[in-house]
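Reading through the structure tokens given below for one structure.
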Amino acid sequence: MGDIPLEKNPSSPGRIANVSIPLCILNALDDPLITWKAVAANEGLRHPTNLVKTGSGNLMLLLTKGGGHVGWPLGVNPSIEKWGWMNGAVQGFVAAFEAGKKKV
């Protein structure tokens with residue numbers, strides 16, 4: 001599969017830069033179906049380091065080395081270990097957002 005470009009120009013951050021609500025993007029670099037390059041790039045404004053500086057601080061980009069397209073299962077037998085890492089990452093994001101709201 002080829003890359004799925006959001007923008008033809010990697011120097012453009014694309015629509016994701018305009019996100020106005022807290023958004024957590026969780027993607028694995030080895031996902032065979034949804035490439036991480038759909039939201040980021042190796043260079044320009046869509047490089048992960050630059051991308052998270054956009055969106056008025058509302059964007060969190062989590063890229064993992066592995067995880068594939070099945071939600072980061074834990075252990076050899078995911079039916080036992082479940083998908084705790086992914087669930088924990090999402091819960092942590094929501095908790096941080098809620099804590100931030102209370103400070104405002």
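Annotation: lysines with alpha-carbon distance below 22 angstrom to LYS37 (same-chain offsets under eight excluded): LYS8, LYS53, LYS65.
Please list VAL90, VAL70 from largest to smallest accessible area, probe radius 1.4 Å, with all protein chains kept in place.
VAL70, VAL90
Could you check how much of the accessible area of region 27-104 is carbon and sulfur, as a whole percent, using a 1.4 Å probe? Using a 1.4 Å probe with all protein chains present, region 27-104 comes out at 63 percent carbon and sulfur. Overall form of region 65-104: prolate. Here a/c, set by the Cα gyration tensor axes a ≥ b ≥ c, is 1.5 or more, and a/b is the larger of a/b and b/c.
The values are calculated or read from the model by the stated rules, or taken from the named source; none is laboratory data. The structure presented is a predicted model; accordingly, all values stated were derived computationally and were not measured. For the accessible areas, the whole protein counts, side chains as well, though only heavy atoms, and no ligand, DNA or RNA atoms are used. Shrake-Rupley method; radii C 1.70, N 1.55, O 1.52, S 1.80 Å.
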